[in-house]
Amino acid sequence: SKLAALFEHPLYNIPIPEVTEKDKLFIVNPMEKFSLHSSGSDEWVSSSKAETLLPTGKTAYDTYPTWLKFHVGINRYELYPRQDPLLPTLLQDLSTQRIVSSVQKSGGTQLKLIMTFPNYGQALFKPMKQTRDQETPIDFFYFSDFERHNAEIAAFHLDRILDFRRIPPVSGRLVNITKEIWDITTDKKLAKTFFISPAGNVCFYGECSYYCSTEHALCGKPDQLEGSMAALLPDKTLAKRRSWRSPWRRSYHKSKKAEWELNPNYCTQVRETPPYDRGHRLLDLIDMTILDFLMGNMDRHHYETFEKFGNDTFLLHLDNGRGFGTHSRDEPSILAPLQQCCSIKKSTYLRLQLLATQPYRLSDLLREALATDPLAPVLAEPHLWALDRRLRKVLAAVGHCLAR
């Protein structure tokens, strides 16, 4: 396994600083226990109603469902640990747990559903919009592109291979539209959009600002539909998040250009503007830029951080559905922050150099990681080959900066 060898490499074993209580997203009561009702109702209850005795050798933490252990493990430095024993179980839960509720997520340009499991865990479901081998048409603007379910899955694994670990876990899943959405939804607006197509397939389209119409309906075969299931982050009432507008945000206009596209010295003023004037925020943003360039994602207008940790924490890389739309062409403008600022974390640069070598070739690592997903193959081969080509371009951009 190239992936196992990668995670054993010294560059992937650089320790994070010691995590103190103030560095944890949540401070947990060690006595608080979760238990299933003895009636077998699949409902979780807190310790006030549960049995007070625990099986020998077990702690209260052992009774938590996997999604809760994931939330409790988030700290200032990482969303989840490198060698996280929870990850395989969490990914399996996302792909197999019984769905007890499906409602549409409000906002956004395209249809997304919030799925709830019996243990109160929740996932964001993005349905399949196009096949693996379809490319985004060359005349499409980035802001009218489809969001792809397989891009969300691939982005999670790529983010982990780069050792950023800033994307919540995502698994592919085959959903039964009738039993797991239509029959159980309490969302009246969503329920009104279901129909049977002339081909006899179950379809629905929801309500949203772009692709929610009969012409863009999502149809099963006859009611089986692929999608990505992303573990939701803790509710914002429990862990506030701050949304930051990216300084290199595109204009989202058919003819206007953004300031960074017109001013080659744009980075100078960014460096003087909080929060980019101190700490590692700018370097974290350049990490995100590299991830986006490798995926071909032009749609990074905002990013988020956990409010509790202030400026000294990682950026959350959410909403990656517009990645992996093209493999035959690259978008150099995505790399503008790296090229204009000529800055990169040393650790990131060393890992990128490693991923360009034969034993740890990036395309091979991602292919291996995606092979375990229920919807494998997740990416068409040309997308994997494009990663190696784009990685060489990132290293060339750093080389150009070093030469300057």
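The values are calculated or read from the model by the stated rules, or taken from the named source; none is laboratory data. Keep in mind the model is a prediction, meaning the values are calculated, not measured. Cβ sites come from the backbone with ideal geometry, for glycine too, and all protein chains shown count toward neighbours. Keep in mind that these areas ignore ligands, DNA and RNA; they rest on the heavy atoms of the full protein, side chains included. Shrake-Rupley method; radii C 1.70, N 1.55, O 1.52, S 1.80 Å.
Restricting attention to the range 233-245, does a residue exist that is open to solvent by 10 Å² or more (accessible area, probe 1.4 Å), in contact with a Phe, Trp or Tyr (Cβ under 7 Å, 6 or more places away or on another chain) and not aliphatic (A, V, I, L, M)? Yes; the residues of the range 233-245 include at least one that is open to solvent by 10 Å² or more (accessible area, probe 1.4 Å), in contact with a Phe, Trp or Tyr (Cβ under 7 Å, 6 or more places away or on another chain) and not aliphatic (A, V, I, L, M). Among the residues of the range 115-132, just one is under 21 Å from Gly323 (Cα atoms) and among the β-branched types (Val, Ile, Thr), namely Thr131.
Taking the range 361-404 as the range and being among the hydroxyl-bearing types (Ser, Thr, Tyr) and either in a helix (DSSP H, G or I) or open to solvent by less than 20 Å² (accessible area, probe 1.4 Å) (or both) as the test, only Ser363 passes. Checked against the criterion of being in a loop (DSSP other than H, G, I, E, B) and open to solvent by less than 30 Å² (accessible area, probe 1.4 Å), the candidates Pro337, Pro264, Pro275 yield just one match: Pro275.
Beta carbons closer than 7 Å, at least 6 apart along the sequence or on distinct chains, pair a first residue in the range 319-342 that is in contact (Cβ under 8 Å) with a residue 24 or more places away in the chain with a second that is assigned to a loop (DSSP other than H, G, I, E, B) and polar (S, T, N, Q) for Asn320/Asn297; Arg322/Asn297; Gly323/Asn297; Gly325/Thr136; Thr326/Thr136.
Which of the following residues is part of a helix (DSSP H, G or I) and either exposed (fewer than 14 other Cβ atoms within 10 Å of the Cβ) or hydrophobic (A, V, I, L, M, F, W, C) (or both): Leu282, Leu318? Being part of a helix (DSSP H, G or I) and either exposed (fewer than 14 other Cβ atoms within 10 Å of the Cβ) or hydrophobic (A, V, I, L, M, F, W, C) (or both) holds for just one of Leu282, Leu318, which is Leu282. Evaluate the following for Ile344: is it open to solvent by less than 30 Å² (accessible area, probe 1.4 Å), at pLDDT 95 or above and not in a strand (DSSP E or B)? Judged against the criteria, Ile344 is not a match.
Filtering the range 231-260 to residues that are over 22 Å from the mean Cα position of the chain (by Cα) and within 22 Å of Pro275 (Cα to Cα) leaves Ser251, Ala258, Glu259, Trp260. Of the residues examined, Thr313 is one that is at pLDDT 95 or above and over 23 Å from Arg392 (Cβ atoms).
The single residue among Lys221, Lys254, Lys308 that is in contact (Cβ under 8 Å) with a residue 60 or more places away in the chain, open to solvent by 80 Å² or more (accessible area, probe 1.4 Å), part of a loop (DSSP other than H, G, I, E, B) and among the charged types (D, E, K, R) turns out to be Lys254.
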